[in-house]
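For reference, the structure is listed below as structure tokens.
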Amino acid sequence: MSQPQPLTPAQVAAFAELSARLAGAVGKIVLGKPETVRLGLVCLFAQGHVLLEDVPGVGKTTLARAMAASVQGQWRRVQFTPDLLPSDVTGVTIFNQANRGFEFHPGPIFANIVIADEINRASPKTQSALLEVMEERTVTVDGVRHGVPRPFLVVATQNPVEMDGTYRLPEAQLDRFLMKLSMGYPSEAVEIEVLRGATIRSPEAIEPVCSTDTVAEAVRLAQRAHIADALYAYAVRLATATREHKHVRVGVSPRGVIALTRAAAAYALTEGRGFVLPEDMKALLEPVFAHRVLLTPDAQLRGVTAIEVLHDAMEAVPVPLPGQADTRPR
């Protein structure tokens, strides 16, 4: 299989400029969280999905809506509740008396950006309705497959599972999310600034920065970013280190390794580089890998966290040296 053509400096610069403009638009609404905004955009460019987990009221839905509003395309918001049905998300086939035939009525999942608000308040059956579309970008209803628009991004929010009225997301669905991010409480200065502009800072005030066609082109550019063979091996060894860790029941899957390399390619381009460095993978290790690591019951009782496992993995796996990893395309 032929290798993709290296990106030109002009293409890299255009990608970085687009990323900066999108981050600037979203950052006017979501204050004090530039890195979270940037990682959310990396998910968009890497054709991944993002899960925002945090306590209520810290801006999870605002970030999701701001990302959707910054791109001139279709976006839909689904409020997940215990009585939400799978057909309420995917759509339903209805018999049309006029033409004596069945017609498919698409659900809110048929949009470029779908905001799944408080996803863990819905039943596991409804949560599972997203599994196919998040992986394959298609929805099967009554045996017929329907493709969703491209680009396609699910931005899901959830409250911590310890809170009342929530259901834990299945591991298979967690693995579909490219990243799991947390907003966290704002600093005092940022919170005061939020209060000053609480009535004027709204996602509806965002002017779209680009079209979905521009995002689709950026996605294609991200797929052409250069990743050296030594860095592919580095990603695999990091995942292997999680699988072999004494406190881990289930380590990072091959899907997780693919997610890390895709995210690293987009992340490098946001930095203005057409090639990936080991530092890109290390910076993304926590948001991409942490939610894919399942600890043993004993480790959970001891208070071990997935973050500690990832730190152990980074210490155990040697970083490719500049002489070993030809990071720049030839």
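The values are calculated or read from the model by the stated rules, or taken from the named source; none is laboratory data. Quantities reported herein were computed from a predicted structural model and do not represent experimental measurements. All Cβ positions, even for glycine, are placed from backbone atoms using ideal geometry, and neighbour counts span all protein chains on display.
Among the numbered criteria (1) touching a residue at least 60 places away in the same chain (Cβ under 8 Å); (2) within 28 Å of residue 66 (Cβ to Cβ), which one does residue 220 miss? Status for residue 220: all satisfied but (1). Residue 45 passes every criterion in (1) among the aromatic types (Phe, Trp, Tyr); (2) within 22 Å of residue 132 (Cβ to Cβ); (3) under 20 Å from the mean Cα position of the chain (by Cα) apart from (2).
Tell me, which strands (runs of 3 or more DSSP E) lie completely within segment 21-132 with 1 or more residues that are surrounded by 16 or more Cβ atoms within 10 Å (Cβ to Cβ), in contact with a Ser or Thr (Cβ under 9 Å, 6 or more places away or on another chain) and among the charged types (D, E, K, R)?
Because the criterion is at least 1 residues that are surrounded by 16 or more Cβ atoms within 10 Å (Cβ to Cβ), in contact with a Ser or Thr (Cβ under 9 Å, 6 or more places away or on another chain) and among the charged types (D, E, K, R), the strands (runs of 3 or more DSSP E) in segment 21-132 that meet it are 50-53, 75-79, 113-117.
Against the conditions (1) at pLDDT 85 or above; (2) under 28 Å from residue 204 (Cβ atoms); (3) among the small types (Gly, Ala, Ser), residue 87 satisfies every one except (2). Take the residues of segment 1-15 that are of a type in the set (S, T, N, Q) and assigned to a loop (DSSP other than H, G, I, E, B): which is surrounded by the fewest Cβ atoms within 10 Å (Cβ to Cβ)? The qualifying residue surrounded by the fewest Cβ atoms within 10 Å (Cβ to Cβ) is 2. Only one of the numbered conditions (1) surrounded by fewer than 20 Cβ atoms within 10 Å (Cβ to Cβ); (2) under 22 Å from residue 216 (Cβ atoms); (3) not polar (S, T, N, Q) is violated by residue 18, and that is (1). Pairs are defined by a Cβ separation below 6 Å, a sequence spacing of at least 6 or placement on different chains, a first member in segment 136-149 that is more than 23 Å from residue 95 (Cβ to Cβ) and in contact (Cβ under 8 Å) with a residue 60 or more places away in the chain, and a second member that is part of a loop (DSSP other than H, G, I, E, B) and of a type outside the set (Lys, Arg); the pairs so defined are 149/112.
Taking residue 166 and the conditions (1) at pLDDT below 85; (2) assigned to a strand (DSSP E or B); (3) within 27 Å of residue 288 (Cβ to Cβ), which numbered condition does it fall short on, given that it satisfies the others? All conditions pass for residue 166, except number (2).
For segment 232-258, which residues satisfy the criterion of being among the acidic types (Asp, Glu) and more than 12 Å from residue 295 (Cα to Cα)?
Across segment 232-258, there are no qualifying residues.
If I ask for residues that are among the aliphatic types (A, V, I, L, M) and closer than 16 Å to residue 250 by Cβ, which ones from segment 296-317 would you list?
Restricting attention to segment 296-317, the residues satisfying the condition of being among the aliphatic types (A, V, I, L, M) are 299, 301, 304, 306-307, 309-310, 313-314, 316-317.
The answer is 299, 304, 306, 309, 310, 313.
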